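K.L.:
I'd like to ask you about the structure that follows.
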Amino acid sequence: MILVTGGAGFIGANFVLDWLAHHAEPVVNLDKLTYAGNVHNLDSLRGDARHVFVQGDIGDTALVERLLAEHHPRAIVNFAAESHVDRSIHGPGEFIQTNVVGTFRLLEAARHYWQALGATEKEAFRFLHVSTDEVYGTLAPAAPAFTESHGYEPNSPYSASKAASDHLVRAWHHTYGLPVLTTNCSNNYGPLHFPEKLIPLMIVNALAGKGLPVYGDGMQVRDWLYVKDHCSAIRRVLQAGRVGETYNVGGWNEKPNIEIVQTICALLDELRPRADGQRYAQQITYVTDRPGHDRRYAIDARKIERELGWKPAETFETGIRKTVQWYLDNPAWVEQVQTGAYREWVSQQYEAA
Ligand code: NAD
Ligand code: DAU
């Protein structure tokens, strides 16, 4: 079996659902259930004995050690993190706690467990750390995309905390020999995406008749990947990645934010036209920019393609249409995640802007 951390969040839940759709191998899913974690993301696995959900913290060493001893996983896939850049600007403490200290404690528990394994299991064991392209910093408009050898230049508390965790993972391999793999992926989108992030926020606000808050001039560029393609990349790296290596994962889909928002508006005009006959794009409002906002990210995904034969299955056009349709089909999910804490965040972040 494998131990997945953060498997009730956006990418982690998609990964667990996809894993159990592709493999018979069970999953122990350790998630703290922060505001971003949602057990209902895993409702379709109720009664499936291959999925064991445990609420807890990756920084709780006693708990992690107990899970490792009880379930004897052959791999750990670490998704658990604080993941939202804007929240890291308002309050960086939790980002240091989970992304840095939590990853350190998880690595230590993994190292002690791995060191005590028999030779064959020791050889086969993997610690896969899920990271981000944001560790590389920002790119000038015409600069080549990030390769795996690009220097680390994180600019936000979030990306600095992820960069620190990547360095710990690297050091645990170099110093102790822990068989690690790291993936650095670009912006994901798709089902189960918490509506604090650009794409789901725009869909949810548009349908609610609210403003669509574009930061600054809206010309910041992100490189978008459909979440199921990220999941298939992680499965492939876990299966065949070279120990100690990092793999960049991306969809070759660089787009300025304003274009993303306009695309969502156009899809909603087609799939759920406004009752008053007006266009959703009328709801776009430009708001104060994010402090320290990275201008451009772009991933060079040639290494994972060359070495492991991985390629995304979705184009941006197919992926964004599926995503908008998913939100239209799942109003109960949207309503359920818009708790008091969510509304508090939205008013703190946007009402002063
Ligand atoms: P998310 O915020 O949706 O989910 C994070 C999950 O981790 C939640 O379920 C939360 O409850 C859990 N968690 C938080 N702190 C924890 C702790 N201390 N112990 C156990 N569980 C804890 O995040 P996401 O977008 O699904 O991202 C998952 C991972 O992928 C993160 O490591 C993130 O840095 C990385 N990543 C995300 C993207 C993206 O576009 N979303 C892109 C590249 C990499
Ligand atoms: O690049 C990978 C990263 O992508 C992940 O590591 C992070 O966990 C994930 O949150 C994401 O970070 P971004 O900051 O790029 O994503 P976000 O959806 O918050 O913002 C995308 C872009 O849209 C960014 O340039 C900021 C802008 N934006 C965002 C929001 C929430 C707006 O213009 N308005 C908004 O309301």
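The values are calculated or read from the model by the stated rules, or taken from the named source; none is laboratory data. Note that this is a predicted model, so its numbers are computed, not measured. No Cβ is skipped: glycine too gets one built from the backbone with ideal geometry, and neighbour counts run over all protein chains shown. Areas reflect the complete protein model, heavy atoms only, side chains present, ligands, DNA and RNA absent. Shrake-Rupley method; radii C 1.70, N 1.55, O 1.52, S 1.80 Å.
K.L.:
Roughly how big is segment 194-322's charge dipole about its Cα centre, with Cβ charges of +1 (Lys, Arg) and -1 (Asp, Glu), in debye to the nearest 20?
P.N.:
Using Cβ point charges on Lys, Arg, Asp and Glu, segment 194-322 gives about 320 debye.
K.L.:
Separate question: Classify the chain as rounded, prolate or oblate from the Cα gyration tensor: take a ≥ b ≥ c as the square roots of its eigenvalues, call it rounded if a/c is under 1.5, otherwise prolate when a/b beats b/c and oblate if not.
P.N.:
prolate
K.L.:
Rounded, prolate or oblate, given the Cα gyration tensor of segment 32-90, with a/c below 1.5 counting as rounded?
P.N.:
Verdict is oblate for segment 32-90.
K.L.:
Segment 53-98 to segment 104-120: how many Å between their Cα centroids?
P.N.:
A separation of 16 Å, based on Cα centres.
K.L.:
Next question. When only Cα pairs under 8 Å and 6 or more residues apart are kept, what is the percent relative contact order across segment 128-200?
P.N.:
With pairs under 8 Å counted, the relative contact order is 41 percent.
K.L.:
Quick one: Cα centre-to-centre distance for segment 194-217 and segment 260-315, in angstrom?
P.N.:
Value for the Cα centre distance between the two parts: 11 Å.
K.L.:
At a Förster radius of 22 Å, what calculated FRET efficiency corresponds to the Cβ-Cβ distance of His174 and Arg302, to the nearest 0.05?
P.N.:
0.35
K.L.:
Further, regarding this structure: How long are the semi-axes of the equivalent ellipsoid of segment 24-145, taking √(5λ) for every eigenvalue λ of the Cα gyration tensor, in whole Å from largest down?
P.N.:
28, 20, 16
K.L.:
Let me ask something else about it. For the chain, what is the number of Lys pairs with C-alpha distance below 24 angstrom, counting only pairs 8 or more positions apart or on separate chains?
P.N.:
Taking the chain as the scope, the lysine pair count is 22.
K.L.:
Starting from the Cα of Lys322, step 7 Å toward the Cβ, then list every residue of segment 237-255 with an amide N under 20 Å from that point.
P.N.:
Residues 237-238, 249-255 fall inside that zone.
K.L.:
Also: Quickly rank 25-35, 82-92 as a protection proxy: mean count of other C-beta atoms within 10 Å, highest first.
P.N.:
Most protected by this proxy first, the peptides run 25-35, 82-92.
K.L.:
Let me ask something additional. Once label points are set 7 Å from the Cα along Cα→Cβ at both Ala313 and Arg74, what is their separation, rounded to one decimal in nm?
P.N.:
Simple spin-label model gives 2.2 nm for this pair.
K.L.:
To the nearest 10 degrees, how steeply does helix 10-22 sit against the main Cα axis of the chain, on a 0 to 90 scale?
P.N.:
Roughly 60 degrees, rounded to the nearest 10.
K.L.:
For the chain, what % of the accessible area comes from carbon and sulfur atoms, probe 1.4 Å?
P.N.:
Whole-percent figure for carbon plus sulfur exposure: 52.
K.L.:
Just grab the label-to-label distance for Val287 and His23, each label 7 Å out from Cα along the Cβ direction, in nm (one decimal).
P.N.:
A separation of 3.9 nm, rounded to one decimal place.
K.L.:
If one takes the longest principal axis of the Cα atoms in the chain, at what angle in degrees, from 0 to 90 and to the nearest 10, does the Cα axis of helix 61-71 lie?
P.N.:
Once rounded, one gets 70 degrees.
K.L.:
Could you list the residues of segment 219-256 with an amide nitrogen less than 16 Å from a label point located 7 Å from the Cα of Arg111 in the Cα-to-C-beta direction?
P.N.:
Counting backbone N atoms under 16 Å from the label point, the list is 244.
K.L.:
Once you place label points 7 Å from the Cα toward the Cβ at Ala119 and Glu344, how far apart are they in nm?
P.N.:
Calculated label separation equals 5.6 nm.
K.L.:
Run the numbers on the chain and let me know its relative contact order in percent, using alpha-carbon pairs under 8 Å that are six or more apart.
P.N.:
17 percent
K.L.:
Quick one: helix 157-176 against the long Cα principal axis of the chain, what's the angle to the nearest 10°, folded into 0 to 90?
P.N.:
Between the helix axis and the principal axis of the chain, the angle is about 20 degrees.
K.L.:
Could you give P(r) for segment 207-334, binned at 10 Å from zero, as whole percent values over all Cα-Cα pairs?
P.N.:
For segment 207-334, the binned pair fractions read 11, 32, 32, 18, 5, 1 percent.
K.L.:
In addition: Could you give the accessible area per residue of segment 1-53, probe 1.4 Å, as a whole number in Å²?
P.N.:
Solvent-accessible surface per residue comes out at 37 Å².
K.L.:
Which FRET efficiency value, to the nearest 0.05, is calculated for Thr61 and Ala140 with the Förster distance at 45 angstrom and r the Cβ-Cβ distance?
P.N.:
Efficiency computed from Cβ-Cβ geometry: 0.55.
K.L.:
Summing Lys, Arg as +1 and Asp, Glu as -1, what charge do residues with Cβ under 9 Å from the Cβ of Pro191 carry, Pro191 excluded?
P.N.:
Net of charged neighbours comes to +2.
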